[in-house]
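The values are calculated or read from the model by the stated rules, or taken from the named source; none is laboratory data. Values in this document were obtained by computation on a predicted structure and should not be read as measured data. Quick reminder, even Gly has a Cβ in these numbers, built from the backbone with ideal geometry, and neighbours come from all protein chains shown. The accessibility values were calculated without ligands, DNA or RNA, using every heavy atom of the protein model including side chains. Shrake-Rupley method; radii C 1.70, N 1.55, O 1.52, S 1.80 Å.
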Amino acid sequence: MRELLQNFFTDRLFIPHGHCYLWKTDLVWLHIISDSLIALAYFSIPIALVYFVRKREDLPFKSILLLFGAFIIFCGTTHIMEIWTLWHPTYWLSGFIKALTALISVYTAFTLVPIIPQALALPSPAQLEVANSQLKLTLKELADTQTQLIQTEKMSSLGQLVAGIAHEINNPVSFIYGNISIANEYTENLFKLISVYQECYPQPLSKAQILAETIEFDFVKEDLPKILSSIKIGSERICEIVLSLRNFSRLDEADIKRVDLHEGINSTLLILGNKLKSEGKYPDIEVIKEYADLPEVDCYPGQLNQVFLNLLTNAIDTLRDSVVGCPLPESNIIKTANKQPTNNNPQIRIATEVLDSNKVLIRFIDNGCGMTEKIRQKIFDPFFTTKPVGSGTGLGMSISYQIVDKHGGQLKCITQPLQGTEFQIQIPIRNEFY
């Protein structure tokens, strides 16, 4: 054993390998440089493999990669021994290292054989690209479905609330409105009766005269018809509001209908009437209607009303911001007296027109702060919002875009900082594909 170890690690029995090259300097250096570079490359590859395996915990066949790394290290070591044996003839040690390299290489080869079918079964880059595309499409469909479910639930809740309020208001108002004409008729008859009494008894009793003066009968006779007329006008107005609420909710119109779009816009404006009025530091928001003579359009009325509601709500919020001061980056605004521009005359202009034989255009234009190009490009993205946390879901514009697209139309946003914002809806008048 001792003699064997001495043969392994001593060089007295053999001559150095350099004698084979006759110690020619150029030839020796050629082998030194070549073996050194090969060894350096061999040693760097396992480092890269180990780093890759540690970073990719989910990687299959990690064991075979580690075996390859060990095999490559031993291969590099054999090249180091080639340099060493130029001067030190420890050929037993060199042969032992080569034997270990051979064992590891054979074991790696045998291990690789059963893995080859599994590796061949792995998807190709083209297949992965197709699967990735399908996954992206599925995720988009899921996101669209989620958005639609949210929109449907929102519209259903809003529609039920509005329809319920309209129903509750309609019953007492109908009672009042239906009895006003009868009350007016009774009042006229009573006044006629009193007039006949006054003609028959031109000198009323002192007690009746005192009572007539106390209750100011002449004024009551003149003012009571006016009061009844005011009640009638108010009841008619409430009936109009109830009708508008019903038109907005459209609970009984889940299918496509042929409707007047102006009716839906007016109903939405009625719903938002309170937000259009002055409140504290916010002045009245003026609504300018520029309606053209539009034909009735094939659409889902309740869904289009939701689009009108979203666009008008955003316009109102923008105009309220512009009253305080445009919340835009300093690079996008021109300051006046060290203050951001404010808007003292907020307006929303609603214009409609027929574009051609089968298209209508609806424009919602505000004179608010406008948007930067960066925000405009994201305005229809789901869950994107410029409002503070808790003030908006970021789904309104995305839902509106999907609804208009569902109708075979287009929803566009045209805006510039401090130049206001315009949303354009183009939808076909007749939709054959429904």
Highest mean first, what order results for 264-277, 207-220 on Cβ atoms within 10 Å?
264-277, 207-220
Shape call for region 40-140 from the C-alpha gyration tensor, a ≥ b ≥ c root eigenvalues: rounded (a/c under 1.5), prolate (a/b greater than b/c) or oblate?
prolate
Using a cut-off of 18 Å between alpha-carbon atoms, which lysines can reach Lys275, once sequence neighbours fewer than 8 places away in the same chain are excluded?
Lys289, Lys387
By a straight-distance test (C-alpha under 23 Å), which lysines pair with Lys207 as possible cross-link partners, with residues fewer than eight away in the same chain excluded?
Lys192, Lys221
Taking 0.36 nm per residue of sequence separation and subtracting the Cα-Cα distance, how much length would be gained by fully extending the chain between Lys98 and Ala292, in nm to one decimal?
60.6 nm
What is the magnitude of the charge dipole of region 260-315 about its Cα centre, with +1 placed on the Cβ of each Lys and Arg, -1 on the Cβ of each Asp and Glu, and no other charges, expressed in debye to the nearest 20?
420
To the nearest 10 square angstrom, how much accessible area does Ser133 have with a 1.4 angstrom probe?
60
Measuring from its Cα centre, region 175-223 shows a charge dipole (+1 at each Lys and Arg Cβ, -1 at each Asp and Glu Cβ) which, in debye to the nearest 20, is 200
With all protein chains present and a 1.4 Å probe, how do Leu309, Leu142 order by accessible area, largest first?
Leu142, Leu309
Is the shape of region 77-128 rounded, prolate or oblate, going by the alpha carbon gyration tensor and its root eigenvalues a ≥ b ≥ c, with a/c under 1.5 for rounded and a/b larger than b/c for prolate?
oblate
